[in-house]
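Working notes, beginning with the structure itself.
The values are calculated or read from the model by the stated rules, or taken from the named source; none is laboratory data. Bear in mind that the values here come from a model prediction, so they are computed numbers and not experimental data. Cβ placement follows ideal geometry from the backbone for every residue including glycine, while neighbour counts extend to all protein chains displayed. Surface areas here come from the heavy atoms of the whole protein model, side chains and all, with no ligands, DNA or RNA. Shrake-Rupley method; radii C 1.70, N 1.55, O 1.52, S 1.80 Å.
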Amino acid sequence: MKYFDFAATTPLDQDAAEVYLKVATEYFGNASSLHDFGGQSAALLENCREELANLLGIDKKGLFFTSGGTEGNFLAIEALLSTPKKEGKHIIAGIAEHSSIHGILTRLQESGYEITLLPFNSKGLIDQEQLIHSIKQETILLALQHVNSEIGTIQPIDEIARICRANDIHLHSDFVQSFGKIDVKRIAPLVSSFSFSGHKIYGPKGIGGVYVDPHLKWEPFFPGSTHESGFRPGTLNVPAIAAMTVAAQKITGKLQEDTTKYHLLRRTFIDTLEPIIERVEIFQADDGSQLAHIMGLRISGMEGQWMMLECNRLGFAISTGSACQIGMQSPAKVTQALGLTAAEAKEFIRISFGQSTSLEDVMKLGESIVQIVHAFKAAVI
């Protein structure tokens, strides 16, 4: 079985796994305990915080560890809402945000907040003019994913941050798909908060982080919390934090190498679809605004779930969108953002490459998809 769902999760890096085991067995003390075992864990924890802050280009005072992207998005937004730059209860977000963001927005709407959701243009990007026209005097927060998890388009966070600053609006950005694939040092300090996750960068599952601008005087969502300066409750998972830090060091150290490889794999995959290219629609932006290793597409007349199952039968693991939505019987959020019809949305599939993906694997996957389409066409006729 060949794996093509790296946007959903990645395998644990071997070095990260060894660090996890070492820390879990030798630095097992609670980092909040005052004895020497706790002190050793606390020292390691703070070394990891400093190293990750350096990799992200942020002040370590604003970096807090969480259980992953979903919790990170929730706590970051709650922190920003506790310290708005002005009065108001209007929030703007993208239609294609991760399901964790939509879950938060639904609860906030029920609590009296007004929510405006923005679609994508044909390139899979937010229209900045439409964003500006959506801003009201009461707008206090914009939530916008840096890289879309289903088609890999990259939002111009630096430009959007300028719009937010000019209008006294907090900007929260989900960096889960971008950290480790793009150098985020330049844009990380421009946002009010961002989230990231360990298992997207070959680290462990169940660990991630949040940055909140340390100049903000936020209030904790969980009263009485003592961990992470009150940002969240619960004993910190120091072994997972250490393993995530190792994984982050390794993946950021080979950003250019990976980027070059993924561009080659992307071009090769598209070339292999040439026999059926008239039926293929790839949702993508121009090169500068597109993450190469995530491909969102539809094949006319072929339901995505059928294609996924047929690929699985032939030994290839692909997906029909974010794993956090699978089983909800609803189309990928990005298909709504792109304005696809219900029938077109059902044809959506996602293919994502990783560090173990080979050129041969990509060619075989493309050829297999062509084979599936031709077999389906013959059966229909």
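Observations on the model:
- The set of residues in region 178-207 that are open to solvent by less than 30 Å² (accessible area, probe 1.4 Å), more than 17 Å from Pro11 (Cβ to Cβ) and in contact (Cβ under 8 Å) with a residue 40 or more places away in the chain comprises Ser178, Phe179, Val184, Ile187, Ala188, Ser192, Ser193, Phe194, Ser195, Phe196.
- Close contacts from region 219-241, counting a first residue that is over 16 Å from Ile77 (Cα atoms) and open to solvent by 30 Å² or more (accessible area, probe 1.4 Å) and a second that is at pLDDT 95 or above and of a type in the set (Val, Ile, Thr), with Cβ to Cβ under 7 Å and a gap of 6+ residues or different chains, come to Asn237/Ile207.
- Pair list, Cβ under 6 Å, 6 or more apart: region 352-373 residue open to solvent by 10 Å² or more (accessible area, probe 1.4 Å), other residue outside any helix (DSSP H, G or I): Asp361/Lys2; Ser368/Leu314
- Test: residue in region 206-219 that is more than 21 Å from Leu108 (Cα to Cα) and assigned to a helix (DSSP H, G or I): no
- Glu51 being without any contact (Cβ under 8 Å) to a residue 24 or more places away in the chain, surrounded by fewer than 19 Cβ atoms within 10 Å (Cβ to Cβ), farther than 13 Å from Leu141 by Cβ and not hydrophobic (A, V, I, L, M, F, W, C): no
- Which numbered condition Glu347 misses (of (1) modelled with pLDDT under 95; (2) in contact with a strand residue (DSSP E or B) (Cβ under 7 Å, 6 or more places away or on another chain); (3) of a type outside the set (Val, Ile, Thr)): (1)
- The single condition among (1) closer than 28 Å to Ile251 by Cα; (2) of a type in the set (Phe, Trp, Tyr); (3) open to solvent by 30 Å² or more (accessible area, probe 1.4 Å) that Phe37 does not meet is (1).
- Residue in region 271-325 that is surrounded by the most Cβ atoms within 10 Å (Cβ to Cβ), counting only those that are touching a residue at least 60 places away in the same chain (Cβ under 8 Å) and of a type in the set (Val, Ile, Thr): Ile294
- Every residue from region 85-104 that is touching a strand residue (DSSP E or B) at 6+ places or on another chain (Cβ under 9 Å), under 29 Å from Gly198 (Cα atoms) and either acidic (Asp, Glu) or open to solvent by 10 Å² or more (accessible area, probe 1.4 Å) (or both): Ile95, Glu97, His98, Ser100, His102
- All conditions in (1) at positive phi; (2) over 18 Å from the mean Cα position of the chain (by Cα) hold for Leu81, with the sole exception of (1).
- The number of residues in region 158-177 being open to solvent by 10 Å² or more (accessible area, probe 1.4 Å), part of a helix (DSSP H, G or I) and not small (Gly, Ala, Ser) comes to 5.
- Of all the numbered requirements in (1) part of a helix (DSSP H, G or I); (2) out of contact with any Gly (no Cβ under 7 Å at 6 or more places or on another chain), Met302 misses one, and that requirement is (1).
- Residue match in region 226-234 (condition: in a loop (DSSP other than H, G, I, E, B), among the hydroxyl-bearing types (Ser, Thr, Tyr) and at negative phi): yes
- Scanning region 151-170 for residues that are among the aliphatic types (A, V, I, L, M), touching a residue at least 40 places away in the same chain (Cβ under 8 Å) and within 17 Å of Ile91 (Cβ to Cβ) returns a single hit, Ile169.
- Residues of region 1-28 that turn out to be farther than 18 Å from Leu44 by Cβ and surrounded by fewer than 13 Cβ atoms within 10 Å (Cβ to Cβ), as a count: 2
- Condition broken by Ala247, with the remaining ones in (1) surrounded by fewer than 21 Cβ atoms within 10 Å (Cβ to Cβ); (2) under 24 Å from Phe74 (Cβ atoms); (3) within 20 Å of the chain's Cα centre (by Cα) satisfied: (1)
- Only one entry in Gln155, Gln109 is of a type in the set (S, T, N, Q), touching a strand residue (DSSP E or B) at 6+ places or on another chain (Cβ under 9 Å) and surrounded by 15 or more Cβ atoms within 10 Å (Cβ to Cβ), namely Gln155.
- Residue tally, condition open to solvent by less than 40 Å² (accessible area, probe 1.4 Å) and not in a helix (DSSP H, G or I), over region 339-351: 6
- Qualifying position, being under 13 Å from Ala337 (Cβ atoms) and at pLDDT 95 or above, among Pro84, Pro119: Pro119
- Test: residue in region 61-81 that is farther than 25 Å from Gly253 by Cβ, surrounded by fewer than 19 Cβ atoms within 10 Å (Cβ to Cβ) and without any contact (Cβ under 8 Å) to a residue 24 or more places away in the chain: no
- Considering region 130-150, the residues that are assigned to a strand (DSSP E or B) and touching a His at 6+ places or on another chain (Cβ under 9 Å) include one that is surrounded by the most Cβ atoms within 10 Å (Cβ to Cβ), namely Leu142.
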